[in-house]
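Take a look at the structure below.
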Amino acid sequence: LADGLFKRVVGKSVGAYFRDEIGSPLHVDFLMGFGANEDGRVAELVHDGQPISGGPEHYNRYQTLAQVHTPQSLRLAGTRAWRAQGTPSAAGHGNGRSIATLYSALATDRRIEGIEIVSETALAAVT
């Protein structure tokens with residue numbers, strides 16, 4: 001829902017906006033929605049085989065709430081369709097360096113390479 005609203009206001013999806021305004025210019029290798037040409041760079045998700053770590057019957061309260069609007073499963077997350085659609089809250093794909101870069105900016109001065117990626121007010125509103 002929010003991605004659709006964002007697209008109507010900004011003219012592109014959250015993933016396309018991130019790629020064009022943050023990812024590419026600031027060298028953050030993180031994608032939300034991508035073509036089959038990038039599939040070779042994606043690790044497959046696998047379950048660890050431990051019953052306690054899998055299945056809704058083992059979810060805590062927050063995991064249960066997170067599943068209300070966007071249910072996740074290993075079968076869904078590994079599909080080409082999932083990778084292409086790029087739900088901003090659940091289908092981001094990045095390497096360790098990109099994730100560390102993003103979290104570091106959010107935890108400190110909100111900047112990557114000196115460029116503010118989110119305002120203090122916006123960050124405060126969502127945290």
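Worth a mention:
- Computed E for Ala90/Arg110 - FRET, C-beta separation, R0 30 angstrom, nearest 0.05: 0.85
- Solvent-accessible area of the chain (1.4 angstrom probe, protein heavy atoms only): carbon and sulfur portion equals 57 percent.
- Straightening the chain between Val126 and Asn60 buys 21.6 nm, computed as 0.36 nm per residue apart minus the Cα-Cα spacing.
- Spacing of the two label points (7 Å from each Cα toward its C-beta) at Lys12 and Asn37, in nm: 1.5
- Trypsin sites (Lys or Arg not before Pro) restricted to DSSP loop in the stretch 1-51 with at most 14 other C-beta within 10 Å: Lys12
- Computed Rg/Rh of the chain, alpha carbon atoms with Kirkwood Rh: 0.98
- When the chain is treated as a GNM with alpha-carbon contacts under 10 Å, the residue of Ala81, Ala16, Ala91 showing the greatest mean-square fluctuation is Ala81.
- Rounded accessible area per residue of the chain, 1.4 Å, Å²: 70
- Normalised by the number of residues in the chain, the average gap of Cα pairs under 8 Å and 6 or more apart makes the relative contact order 29 percent.
- A straight chain from Ser119 to Leu45 at 0.36 nm per residue would run longer than the Cα-Cα distance by 23.3 nm.
- Around the amide H of Arg111, modelled in the peptide plane, lie the amide H atoms of Ile117, all under 5 Å away and 5 or more residues distant in sequence or on another chain.
- Note: the stretch 71-127, Cα convex hull, 114 Å³ per residue.
The values are calculated or read from the model by the stated rules, or taken from the named source; none is laboratory data. Everything numeric in this text was worked out from a predicted model, so none of it was measured. Cβ sites come from the backbone with ideal geometry, for glycine too, and all protein chains shown count toward neighbours. Ligands, DNA and RNA are stripped out before the accessible areas are found, and what is left, the full protein with its side chains, is counted by its heavy atoms. Shrake-Rupley method; radii C 1.70, N 1.55, O 1.52, S 1.80 Å.
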